[in-house]
Each structure stands twice: as C-alpha cells, then as structure tokens.
Amino acid sequence: MEFRNKRVLVVGSGKSGIGAARLLGNTLARPVLFDSNEKTDVTEIQRKAGEIPGLEIMAGSVPEEIKRELILVVISPGVPADAPFLEEYRQRDIPIWGEIELAYAFSKGRVAAITGTNGKTTTTTLVGEIFKAHFPSVFVVGNIGNPYTEAAPDMTEESVAVAEISSFQLETIHAFHPQVSAILNITPDHLNRHHTMECYAAVKESIAVNQTGDDVCVLNYEDPYTRDFGSRCPAKAVFFSSRRELGEGIYLKDEEIYLAQPGQERERKIQRLMNIHDMNLVGMCNVENVMAAIGICLAMKVPVETILKVIKDFKAVPHRIEFVGTRNGVDFYNDSKGTNPDAAIQGIRAMTKPTVLIGGGYDKGSEYDTWIEAFEGKVKALVLIGQTREKIAACARAHGVENIILADTFEEAFRICVEQAGPGDAVLLSPACASWGMFPNYEARGDLFKELVEKIGV
C-alpha cells in the first residue's frame, strides 16, 4: 500500500493511536487522529502527540470530504472490530487495520508473537530478556506497553521482535506473520467483547493464520483449546505440559523441566533442563510460562545454555504475584494483573499462608465459581471492591466463604486487610476483574497497593 500524501484515519487518541499516527506521519502519510467523543480536548491530544508531520486531530465526527480521501482506517485495541461506525468504511471498501498490522507493514526482521488469556506479559518479558542475551538488536513490543508502531521504524533485517498480542489486537490482523507464535492458554475472558468462547478462541488462534510449515507455534498441551488447535495449526506445533511426559516437547516431571526431541532409530532424546526451584518465579502458572519461553527461544535458535542462565536470574514482572514486602509479620503480594478469574486462580495457588484477599472491579461478564473453589481454605477474609463486589460476594457465600467484607474505596479495602491480617499471614491483591471504573489500568491499581504497603507504620 502506498501511503505517501494519502489520508489515513487513526481511531483512538491514546498511546496506541498516537504511536500509529506518528509512524504514518514519519512515512509522509497524512494521519487523521480521531476520537469519537466530541468533548475530547483536542489541544491536550496535540500536546501528548507532539510534532507529527501532517497530523490532523478531530473529535466527534469525520467530515465527508476526508472520508472520501481515506485509503485506510487504523483502530486502537480498545475499539471493537465490529463497532457499528466501522461498517460505513467497510461499505466504502476501505481496509481496517489495527496497530499490529500497521507496525508489521513497516517493520523488518523476525518476530516471535505471544498471546493467551494469562501469562503473556511474564512470558514476553522473559523471552525479551533471553533474546537480548543472544541477539544484537531486540525489541519488546505490543500489548506489554511499548507500541509496536513506535519501534517499527528502528527495526532492521537483523532485528528480532517479541510481541505480546492481545485478542483485541488480533481482531484486525491481515498479513501479520510471526516466525514463531505461542498461545499460552485460552480461558474465559473478555466475553463482553467476543461474546462466546468459540469466537474468543478463534481470535486467539488467528495469531498463526499466516504461518506455514516452516514456522513454529508453541502450545499448551494441558489446555483443551490449544491442544485441539495443534492438529489444525498451519505451523509446526511444539507443545509444553505441566502434567505429563510428552513424546516431543517440553514437560514437567517431579519438579524438573525436560526437553524431549525425536532421536535416531525412533528413540527419543531426553534432556533435563532445570529444577523449578532454580528460578525466582513462583507458582505453577510461572512454570508454564517458563516452559513456553523455552519453546519459543529454542525455535528462534537461542542456545540452551543462554536460555537457562537468563531464566535462573529472572525476577517476576511487576503486578504479577509480585512480592512487595513484609510489614509487622505480614507478607504483601501485588497480583493486580490477575484481571480475570483464571489468572487470579494462579495468584491464590501461589500463596502458602493464610491469606486476606482483595478482589473485585470491573465486570467483564466473568463467572467466579472456579476462582472461589481454588481458595481451598486459604482465604481467611475476602475484601471486595468495585462493580462486581455484590456478584462475587453472592458467589462466595454460595461456596461457603463466610468472612466477606465490602469496601467502597481501594484505600478502605487495604485498611481492612491490614486489620484482618496477623503475623504469619499474607495480603494478596488479585482482583479477578479489570481495573476500569476505579483505575485507568491494572498498573495504577498495583502501584497504589505498593504505595500503601510502603506507608504502613510511617
């Protein structure tokens, strides 16, 4: 597609939208940054965007004379691909891309792309650190907070990118073709947007839609969706498993991680890689993330020795079962990235002490039974906040949880936790819900939790 002097509509004025507009402007296109809210402060958007060649900013509506000139519409991840207003552009035969597709069109080098309901950020960060220990030019991009579009102009043929890709971003790919992809797991999430698990799974699987038999897709054998996809995947499927030995792939047995490869004369070659206690990460979820990272990095031809060295030195990413500190004999853990019940299950499973748990937040249409069943007597008090607090409380009572406390603010919830926890206990922020409505994102929620921990006793 020829972009020079051509108008491109970028929908969404956040970090992703500004990144897309900057990429287009720097390639001599004419980006139109659009926010559907007519009350949007255009001056503030201009301030955030800075100097972008040819940039126009609009709020509320797009004039007809501009619509007629558009060659492309680029939507931010927060804009559903089935949003009604996009139908007009489809009827005009104007392509609709997302940030990932736009960045890919301008990037160079090889790509490893990672998706899944849970574990994306930890796995992407870990893979990025392993790549940096082996390759001279590495970019960690995507849903992890570094827009792909911002990095794309700096990539060369020698570059290697590792990209965290959300289901929202996968809705709008067309030519995106990673050499290695990974689907870590598929559990209920974002059903308010994708409506059914079948649709949600199909979107996740599209990460491999342009791959071929020369490429690799790393899959979780213990997830029924990803195991089934292995038989239909256009790339070579490489499985990992936390529950059984595999004839080929990466698996866990007796707290040891092994690599099984086809050998001569139909005999497997089995290599012990490491003991799970050799790493700093905790919880079975992180063991699975590590196995996925090993599979991705081996597919990108990183030496085993390099992979294992980085894993053993790697610390947990912020907001994912992050140990904050001990105050008055109580351990505090920040798992703000537990934004759905399945992710929050991993957080509570990682706890080894009686736990006071903060849950609740924005309602994404989730059910909470399996999360509460995972408490297994560990949760001595459940403190609930946000839009979902009544819904979760009712579910928890139905499962026999008795000590349930509702709070109006996050600060109140934290104060209650401090009162409920005693020496030898843990306080865990693992909400099983998104942060929207109370916080701009899960990072802000986790940061406030850490700030409040630091203030104890001050």
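The values are calculated or read from the model by the stated rules, or taken from the named source; none is laboratory data. As the structure is a prediction and not an experimental result, all values here were calculated from the model. Here Cβ is always computed from backbone atoms with ideal geometry, including for glycine, and neighbour counts include all displayed protein chains.
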Going residue by residue through region 146-169, is there one that turns out to be within 28 Å of Ser242 (Cα to Cα), surrounded by fewer than 20 Cβ atoms within 10 Å (Cβ to Cβ) and modelled with pLDDT of 95 or more?
no
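Could you tell me which residue of region 427-441 is farthest from the chain's Cα centre (by Cα), considering only residues that are farther than 17 Å from Ala350 by Cβ and buried (at least 19 other Cβ atoms within 10 Å of the Cβ)? Step through it out loud before you land on a result.
Within region 427-441, the first condition is being farther than 17 Å from Ala350 by Cβ, and the residues that meet it are 433-441.
Remaining after also requiring buried (at least 19 other Cβ atoms within 10 Å of the Cβ): 433-435, 438-439.
Numbers: Cys433: 14, Ala434: 12, Ser435: 14, Met438: 20, Phe439: 18 Å.
Ranking the candidates gives Met438 first.
Report whether or not Ala444 is within 20 Å of His319 (Cβ to Cβ), under 24 Å from the mean Cα position of the chain (by Cα) and aliphatic (A, V, I, L, M). Before the answer, list the steps.
Numbers: within 20 Å of His319 (Cβ to Cβ): yes; under 24 Å from the mean Cα position of the chain (by Cα): yes; aliphatic (A, V, I, L, M): yes.
It is true that Ala444 is within 20 Å of His319 (Cβ to Cβ), under 24 Å from the mean Cα position of the chain (by Cα) and aliphatic (A, V, I, L, M).
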Would a scan of region 236-255 turn up a residue that is among the hydroxyl-bearing types (Ser, Thr, Tyr), more than 30 Å from Gly109 (Cβ to Cβ) and at pLDDT below 90?
no
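For Ile52, state whether it is surrounded by 15 or more Cβ atoms within 10 Å (Cβ to Cβ) and assigned to a loop (DSSP other than H, G, I, E, B).
Numbers: surrounded by 15 or more Cβ atoms within 10 Å (Cβ to Cβ): yes; assigned to a loop (DSSP other than H, G, I, E, B): yes.
So Ile52 passes the test.
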Filter region 80-91 down to the residues that are among the acidic types (Asp, Glu) and assigned to a loop (DSSP other than H, G, I, E, B) and list them by number.
Asp82
Subset of region 399-436 (residues that are among the hydrophobic types (A, V, I, L, M, F, W, C), in contact (Cβ under 8 Å) with a residue 40 or more places away in the chain and either not assigned by TED's automatic domain parsing to the domain that holds Gly361 or not in a helix (DSSP H, G or I) (or both))
Ala421, Ala426, Val427, Leu428, Leu429, Ala432, Cys433, Ala434, Trp436
Hey, could you check region 297-334 for residues that are acidic (Asp, Glu) and touching a strand residue (DSSP E or B) at 6+ places or on another chain (Cβ under 8 Å) and say which is farthest from Arg445 (Cα to Cα)?
Asp331
Residue hits (region 195-218; in contact with a Gly (Cβ under 8 Å, 6 or more places away or on another chain) and more than 20 Å from Met300 (Cα to Cα)) are Lys204
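Among the residues of region 65-79, are any basic (Lys, Arg), assigned to a helix (DSSP H, G or I), over 19 Å from the mean Cα position of the chain (by Cα) and buried (at least 16 other Cβ atoms within 10 Å of the Cβ)?
Yes, that holds for at least one residue.
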What number of residues in region 14-44 are farther than 18 Å from Ile71 by Cα and of a type outside the set (A, V, I, L, M)?
13
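Take Gly60 and decide whether it is closer than 25 Å to Gln169 by Cβ and of a type outside the set (A, V, I, L, M, F, W, C). I'd like the intermediate steps shown before the answer.
Working: closer than 25 Å to Gln169 by Cβ: no; of a type outside the set (A, V, I, L, M, F, W, C): yes.
So Gly60 fails the test.
Results for (1) assigned to a loop (DSSP other than H, G, I, E, B); (2) surrounded by 15 or more Cβ atoms within 10 Å (Cβ to Cβ), shown as yes or no for each residue.
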residue: Tyr225; (1), (2): no, yes
residue: Arg232; (1), (2): yes, no
residue: Phe239; (1), (2): no, yes
residue: Leu246; (1), (2): yes, yes
Report the residue count in region 27-43 for those that are over 21 Å from Pro80 (Cα atoms) and surrounded by 11 or more Cβ atoms within 10 Å (Cβ to Cβ).
6
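Table: residues versus (1) closer than 27 Å to Ala83 by Cα; (2) part of a helix (DSSP H, G or I); (3) within 11 Å of the chain's Cα centre (by Cα); (4) not hydrophobic (A, V, I, L, M, F, W, C).
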residue: Asp93; (1), (2), (3), (4): yes, no, no, yes
residue: Leu102; (1), (2), (3), (4): yes, yes, no, no
residue: Ala105; (1), (2), (3), (4): yes, yes, no, no
residue: Thr117; (1), (2), (3), (4): yes, no, yes, yes
residue: Leu126; (1), (2), (3), (4): no, yes, no, no
residue: Phe135; (1), (2), (3), (4): no, no, no, no
residue: Gly145; (1), (2), (3), (4): yes, no, yes, yes
residue: Glu150; (1), (2), (3), (4): yes, yes, no, yes
